[in-house]
Structures are given as structure tokens and as C-alpha cells.
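Here is the structure we will look at.
Values in this text are rule-based calculations from the coordinates and carry no lab data. Every value quoted in this text rests on a predicted model; they were computed, and no experiment measured them. Counting neighbours? That spans all protein chains shown, and the Cβs are built from the backbone with ideal geometry, glycine included.
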Amino acid sequence: GTRDEHPRTIFDEILARRIPSDKVYEDDLCYAFRDINPVAPTHILLIPKQRDGLIGLGAATAEHEAILGHLMVTAAAIAKKEGLNDFRLVTNSGPGACQSVSHLHLHILGGRQLSWPPG
Ligand code: 5GP
């Protein structure tokens, strides 16, 4: 977005269709596609189209409440559409949590028994 001075990421290339992706869902505000390196039978990434400074969840402010709520509700709808009764929603924030792309993304994981706690 215009309020975002952070370097662009590979997700901008995906949103611009310069890099192909396996689209699962799209609306005016967000885009969902299958992870290129899935860690579960269903592994979908859900991202805001406008990053608006959300390089990760750690950068969230009150200004982001609407998009964050939309992403959560959309994640639940995607899981249902994928036939997942049980699923996990993950967002890694920062290198200590193994975040590798600096554009907020929710991992929707399911299709197998998931263990807890994570590593
Ligand atoms: P993070 O590690 O930041 O939580 O998650 C980034 C995710 O993006 C990883 O699971 C990685 O596999 C995925 N990813 C990175 N590059 C691409 C790509 O070009 N296409 C797709 N579909 N997924 C990608």
C-alpha cells in the first residue's frame, strides 16, 4: 500500500501474477494460495492484498483491526470450503518464530492429525 515503505516481497510478485500460484480464494482485500512447500495435506497461505505496514503480526496496530478480523473470518470459511473440520491457523512473526516472508500471512493447516505444542 501507499503507507508501506518496507521492501517488497515475493508475495507482491504473486499478487501481481508475475509468479504463478495455486489460488484458493480471492476477494477485494485478501488472497489465498497453496504453500509451495506444504507441511500438511492442506497448507494454504492467506494474505492481505495491501500489506499496509503489516510486515508481520508484530507490526499490527488498531488501524489493522478490520483487515485482521477479515482474514480470520475468511480463514475459517476457506477451511470449511476445503472440507476441514479441524484445522490450525498459524502466523509466524519475526525470525525467532521462523518467519521468512515479511508480508503478514496466515498459514491454514489441516488434513492430518496436528500435534501440540509446536516445535
Ligand atoms: P513463513 O516462514 O514466513 O511463516 O511462511 C512463508 C511461507 O511461504 C513458507 O511456508 C513458504 O513455503 C511459502 N512460500 C515462499 N515462497 C513461495 C512461493 O513463491 N510460492 C508459494 N506458493 N509459497 C511460497
Pop a pseudo-label 7 angstrom from the Cα along the beta-carbon direction at both Arg88 and Glu5 and give the gap in nm to one decimal. 3.7
Cα-based reach from Lys23 at 20 Å (exclusive), listing aspartates and glutamates while leaving out same-chain residues under 8 positions away: Asp12, Glu13, Asp35, Glu82
How far, in nm, would the chain grow between Val101 and Ala60 when pulled straight, counting 0.36 nm per residue and subtracting the alpha carbon separation? 13.2 nm
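Applying 1/(1 + (r/R0)^6) with R0 = 35 Å to the Cβ-Cβ distance of Ala16 and Trp116, what FRET efficiency is obtained, to the nearest 0.05? Don't jump to the answer; show the numbers that get you there.
On the way: r = 37 Å, r/R0 = 1.05.
Here the calculated transfer efficiency is 0.45.
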When the chain is fully extended, how far beyond the present Cα-Cα distance does His70 get from Ile36, taking 0.36 nm per residue of separation? 9.9 nm
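Which of the peptides 47-58, 62-73 is most tightly packed, and how do the rest follow, judged by the mean count of other Cβ atoms within 10 Å per residue?
Numbers: 47-58: 18.5, 62-73: 13.5.
Top to bottom by mean Cβ count within 10 Å: 47-58, 62-73.
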Over the stretch 10-110, what is the relative contact order in percent, taking alpha-carbon pairs closer than 8 angstrom and at least six residues apart? 31
